[in-house]
Amino acid sequence: MKKQLLILLILTTGSFYSWAQSCPCCTPEYRQFDFWLGLWEVYDTNDQIIGRNHIKLMQDSCVLQENWQAAKSPYSGTSYNYYNKITGNWEQLWIDNQGQHLNLTGGLSSESMVLQGARREDRKGNEYINRITWTPQSYKIVQQHWEISYDDGDTWKTIFDGEYRKVQ
């Protein structure tokens with residue numbers, strides 16, 4: 001009987017190990033930003049459509065890829081979002097068709113994903129910090145709130161407040 005239990009334990013542990021090896025990004029931490037997955041129409045605070053965004057999983061569910069297209073201009077961009085198990089943070093790299101990029105890091109706070117960047121300089125040489133918060137309002141609506149701070153986070157100014165409405 002002990003021998004059978006030992007064999008069962010070895011087989012079960014081996015199966016789990018194989019599954020963990022084949023699905024390294026299947027733990028709950030990697031699924032924290034899945035509420036953003038889907039095809040979305042994005043609206044501003046005046047209820048005007050400003051673009052479409054398609055967020056999908058890639059790289060065996062380890063990366064969320066964002067694909068943004070503005071509604072009334074040729075502006076577009078892509079971001080790669082992933083959970084960094086070494087730091088325990090989420091990270092985003094945004095790159096657009098204007099040559100701009102943005103690096104953010106952070107994590108889940110309550111039900112919102114909050115990512116913040118390091119200090120940057122604007123065109124006038126003033127240092128500022130970006131902070132973007134995504135909050136699910138329902139299964140079909142996500143709010144994105146983008147803020148900047150010129151005083152190391154003491155005060156924040158909204159530069160974008162949009163509502164994602166799921167298309168599919």
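The values are calculated or read from the model by the stated rules, or taken from the named source; none is laboratory data. Not measured: the values here are computed from a predicted model. Ideal geometry is used to build each Cβ from the backbone, glycine not excepted, and the neighbour counts take in all protein chains shown. Just the protein is used for accessible areas: all its heavy atoms, side chains included, with ligands, DNA and RNA removed. Shrake-Rupley method; radii C 1.70, N 1.55, O 1.52, S 1.80 Å.
Starting from the amide H of GLN137, placed 1.01 Å from N in the peptide plane, find each other amide H under 5 Å away whose residue is 5 or more places distant or on another chain.
Hits under the 5 Å cutoff: VAL142, GLN143.
Is it possible to state the helix-based mean residue ellipticity at 222 nm for the chain, with each DSSP H run of 4+ residues giving -39500 (n - 2.57), the sum divided by total residues, to the nearest 500 deg cm²/dmol? What is it?
-4500 deg cm²/dmol
Any chance you could list P(r) for region 65-134, counting all Cα-Cα pairs in 10 angstrom bins from zero, rounded to whole %?
Each 10 Å bin holds this share of Cα pairs: 18, 44, 32, 6, 0.
Could you give me the ³J(HN,Hα) list for region 28-40, computed from phi with Karplus coefficients 6.51, -1.76, 1.60 and θ = phi - 60°, whole Hz, x at Gly and Pro?
Going residue by residue, I get x, 4, 6, 9, 5, 9, 5, 4, 8, 5, x, 9, 10 Hz, with x marking Gly and Pro.
What does the convex hull of the Cα atoms come to per residue for region 46-101, in Å³?
Dividing the Cα hull volume of region 46-101 by its residue count gives 111 Å³.
What percentages make up the Cα-Cα pair-distance distribution of region 122-164 when the bins are 5 Å wide from 0?
6, 22, 23, 19, 13, 9, 5, 2, 0
Between LYS56, LYS124, LYS85, find the one with the highest GNM mean-square fluctuation for the chain; connect C-alpha pairs within less than 10 Å.
The residue with the greatest mean-square fluctuation here is LYS124.
Give the Kirkwood hydrodynamic radius (Å, one decimal) of region 91-168, defined as one over the mean of 1/r across all pairs of different Cα atoms.
13.6 Å
Just the number, please: Stokes-Einstein D of the chain in µm²/s, Kirkwood Rh from C-alpha pairs, 37 °C, 0.692 mPa s.
Estimated via Stokes-Einstein, D reaches 182 µm²/s.
With a 10 Å radius around each residue's Cβ, average the other Cβ atoms per peptide and rank 112-118, 126-132, highest first.
112-118, 126-132
In Å and from the alpha-carbon atoms only, list the Rg and Dmax of region 16-76.
Every Cα atom of region 16-76 included, Rg and Dmax give 15.8, 51 Å.
Nearest 10 degrees, 0 to 90: what angle lies between the long axis of helix 2-22 and the longest principal axis of the chain (Cα atoms)?
Approximately 20 degrees, to the nearest ten.
Run the accessible area of the chain with a 1.4 Å probe and give the carbon-and-sulfur part as a rounded percent.
Within the chain, the accessible surface is 53 percent carbon and sulfur.
So what J values fall out for region 67-77 if you push phi through Karplus, 6.51 cos²θ - 1.76 cosθ + 1.60 with θ = phi - 60°, rounded to Hz, Gly and Pro as x?
Each residue's phi maps through the Karplus curve to give 10, 9, 9, 5, 6, 10, 7, x, 4, 8, x Hz.
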